[in-house]
């Protein structure tokens, strides 16, 4: 029996810790989700995820649009040939508002960053993101779980069992760790220490990221860390409000990206197909020594063909452009003499490092 | 020929260099600092110093290592730490063991320091002054034209390319008459850029500390980033306006201190120092003129800008006006800045769409 062909949209969120894929249909219904821990190699992780996706995707579905997001989203966009790149704040908010139209506050904690998004009347009105410090993000929980020799899931399960959480200093991860060790050496139970850690992280988030912003219910909590029951409990206790964790909380960025792809009205997708999962995609770094900036350039090469170069502060190396936000840094920032002298673009002034 | 290091203030370096060259000194200046200078600055400056100070110091250290003997530093009688920086930089350079003399640009004895050290003729001084002022006005026009064209251009990058070319040509001119003539052609040059005049654009004001507003390296080029995302930017630091305010020229100067104080009434009653008062007053002005939002650019450790942050936040909150606060230091990651700017622009577009929806 021949089934009807169906257009579906792919959202890819390449975060610091994980690569997530979501497939939605034209109406925004989730058909398929995938959460993959990248292990520091985003390109391979994207390829593996695409492989798994291809195996599970029914043959009557064709991908009609791709949108990427996340810190590795620009790289992913080049690799898969995406139609759209969106920042993760917009993508996450898009998914939340789609699932919970009445949401007013979105808490999002990922591997390396944490964000607060304020929504009023289905419109994002304000946001804030953590600054340089990664205290209070998923990677810290990860490293603590590793130090204690338990899995991150076990940490989550152990923390909620605590009845009397200990106080842990949460201002800085380094101090938090030494405080945890101190508590551990003085004989506190592991459950209590872990729950104390969750409380410390939430305190850190509320004082650093939320900083005086009005948190109103309904609250949606998403991002990789939202799977952690200890953090959920700590948020509920600290805010004295109910916290909603959406069904696809782990992959909300990718979901939002997929929704944005649906919305974008893509006529013909630039998606390069599942075949790229088998391609040999490499990156090469180059050092441009034409001016005092000494830009580190990155070349993305697919089976010997140059896909694009990134990382230059001026335009000369960027032969192919992707989207509006990609052309961000285009002017020379060299010394007056250097910037005002017209230099031709020639490949020989580049030394491979 | 003496060599003089001039602190970088973005594209105005071209005008400042012309002034120096007319006075018979070779100017060492740059359109924006480089990563190398920033690293040097961060290495030698005290940790708690503000970002512009580190940038200036890095520039001077690099220049001194290349054999430049003199440097000039603003020492205005303001209320921020900038006034001590000349002296502080001199001490740091001495401690590092570099032979460089840093003198102030403001009052420093009867004879202005530039004249005392380089002894130019009266003719040179007049010519230099005229060159400087004319180039300055030309750069102001150039900036304003670029803000207007960039969000509307059909081929991305045209504006930046033209901007660079124009600046190059301007840099080469030495006669006052040529500069004046050149200045008048700038409008025509930009009129040639293919634009889509009907394209809707956002209007965003850029507020904050002057050197971070002007230096493309320090602010990660937010001006162009916003322009490319379809926002007509207004950067509230134009040297022409600034000089008018300093010398109190023009009876109708909207940006004079008195007018700024009037504008900021109810929020700020004191010119905190630096450009703090201007930030608050201009944010309110932007709101009155129907801008979509403002971006406040604050260098880490800047006393005036840091102290007015809550005031600015409150002023914008009362007016339901969108504000994005960006704080820059030498470790600021580019990706984070991009994400914030893009999200902010998305918010403004959504807001605009919603308002348009309500009106119709």
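The values are calculated or read from the model by the stated rules, or taken from the named source; none is laboratory data. Only a predicted model underlies this, so the values are computations on that prediction, with no experimental measurement involved. Virtual Cβ from ideal backbone geometry, glycine too; neighbours counted across all protein chains shown.
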Checked segment A:151-168 for anything surrounded by fewer than 18 Cβ atoms within 10 Å (Cβ to Cβ) and in a loop (DSSP other than H, G, I, E, B); matches are A:151, A:161, A:163, A:164, A:167
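Matching residues to (1) within 14 Å of chain A (Cβ to nearest Cβ); (2) closer than 18 Å to residue B:242 by Cβ; (3) in contact (Cβ under 8 Å) with a residue 60 or more places away in the chain:
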residue: B:5; (1), (2), (3): yes, no, yes
residue: B:23; (1), (2), (3): no, no, yes
residue: B:40; (1), (2), (3): yes, no, no
residue: B:59; (1), (2), (3): yes, no, no
residue: B:64; (1), (2), (3): no, no, no
residue: B:71; (1), (2), (3): no, no, yes
residue: B:92; (1), (2), (3): no, no, no
Here are A:191, A:228: which of them is modelled with pLDDT of 85 or more, more than 14 Å from residue A:138 (Cα to Cα) and in contact with a helix residue (DSSP H, G or I) (Cβ under 6 Å, 6 or more places away or on another chain)? A:191
Kindly establish whether residue B:42 is in the same structural domain as residue B:99 (by TED's automatic domain parsing) and under 19 Å from residue B:120 (Cα atoms). no
Those strands (runs of 3 or more DSSP E) completely within segment A:1-43 that have 1 or more residues that are out of contact with any strand residue (DSSP E or B) (no Cβ under 6 Å at 6 or more places or on another chain) and within 15 Å of residue A:95 (Cα to Cα) are none
Any residue at all in segment B:334-348 that is touching a residue at least 40 places away in the same chain (Cβ under 8 Å), outside any helix (DSSP H, G or I) and under 21 Å from the mean Cα position of the chain (by Cα)? no
Pick out, from segment B:154-232, the helices (runs of 4 or more DSSP H) lying fully within it that include 2 or more residues that are without any contact (Cβ under 8 Å) to a residue 60 or more places away in the chain, surrounded by 18 or more Cβ atoms within 10 Å (Cβ to Cβ) and not assigned by TED's automatic domain parsing to the domain that holds residue B:50. B:158-172, B:176-191
For segment B:36-67, which residues satisfy the criterion of being over 24 Å from residue B:305 (Cα atoms) and out of contact with any helix residue (DSSP H, G or I) (no Cβ under 8 Å at 6 or more places or on another chain)? B:63, B:65, B:66, B:67
Condition set over 16 Å from the mean Cα position of the chain (by Cα) and outside any helix (DSSP H, G or I), scope segment B:35-55, selection surrounded by the most Cβ atoms within 10 Å (Cβ to Cβ): answer is B:45
Enumeration of residues in segment A:77-91 that are within 15 Å of the chain's Cα centre (by Cα) and either surrounded by fewer than 24 Cβ atoms within 10 Å (Cβ to Cβ) or within 10 Å of chain B (Cβ to nearest Cβ) (or both): A:85, A:86, A:87, A:88, A:89, A:90, A:91
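This table checks each residue for (1) in the same structural domain as residue B:209 (by TED's automatic domain parsing); (2) touching a strand residue (DSSP E or B) at 6+ places or on another chain (Cβ under 6 Å); (3) surrounded by fewer than 20 Cβ atoms within 10 Å (Cβ to Cβ).
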site: B:245; (1), (2), (3): yes, no, yes
site: B:260; (1), (2), (3): yes, no, no
site: B:268; (1), (2), (3): yes, no, no
site: B:275; (1), (2), (3): yes, no, no
site: B:282; (1), (2), (3): yes, yes, no
site: B:289; (1), (2), (3): yes, no, yes
site: B:302; (1), (2), (3): yes, no, no
site: B:308; (1), (2), (3): yes, no, no
site: B:318; (1), (2), (3): yes, no, yes
Give me a count of the residues in segment A:146-173 that are modelled with pLDDT under 85 and within 24 Å of the chain's Cα centre (by Cα). 4
Checking residue A:75 against (1) touching a helix residue (DSSP H, G or I) at 6+ places or on another chain (Cβ under 8 Å); (2) in a strand (DSSP E or B), which test does it fail? (2)
Looking only at residues in segment B:325-336 that are modelled with pLDDT of 85 or more and more than 9 Å from chain A (Cβ to nearest Cβ), which one is nearest to residue A:87 (Cα to Cα)? B:326
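Yes or no, residue by residue, for (1) touching a strand residue (DSSP E or B) at 6+ places or on another chain (Cβ under 8 Å); (2) at pLDDT below 90:
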{"position": "B:159", "(1), (2)": "yes, yes"}
{"position": "B:172", "(1), (2)": "no, yes"}
{"position": "B:180", "(1), (2)": "no, no"}
{"position": "B:198", "(1), (2)": "no, yes"}
Among the residues of segment A:116-145, write down those that are in a strand (DSSP E or B) and either touching a helix residue (DSSP H, G or I) at 6+ places or on another chain (Cβ under 6 Å) or closer than 13 Å to residue A:173 by Cα (or both). A:116, A:117, A:123, A:124, A:127, A:128
Exactly one condition in (1) surrounded by fewer than 22 Cβ atoms within 10 Å (Cβ to Cβ); (2) in a loop (DSSP other than H, G, I, E, B) is false for residue A:207; which is it? (2)
Evaluation of residue B:154 against (1) in contact with a helix residue (DSSP H, G or I) (Cβ under 7 Å, 6 or more places away or on another chain); (2) more than 11 Å from chain A (Cβ to nearest Cβ); (3) under 21 Å from residue B:221 (Cα atoms); (4) at pLDDT below 90 (one fails), failing number: (1)
For the condition in contact (Cβ under 8 Å) with a residue 12 or more places away in the chain and assigned by TED's automatic domain parsing to the domain that holds residue A:10, what is the one hit in A:68, A:117, A:137, A:105? A:68
Flag if residue A:96 is over 30 Å from residue A:264 (Cβ atoms) and either assigned to a helix (DSSP H, G or I) or not assigned by TED's automatic domain parsing to the domain that holds residue A:233 (or both): no
Flag if residue B:295 is in a strand (DSSP E or B) and touching a helix residue (DSSP H, G or I) at 6+ places or on another chain (Cβ under 8 Å): yes
Which ones in segment B:270-292 are more than 22 Å from residue B:346 (Cα to Cα) and assigned to a loop (DSSP other than H, G, I, E, B)? B:270, B:271, B:272, B:273, B:274, B:275
Only listed residue being in contact with a helix residue (DSSP H, G or I) (Cβ under 6 Å, 6 or more places away or on another chain) and more than 13 Å from chain A (Cβ to nearest Cβ), chosen from B:284, B:341: B:284
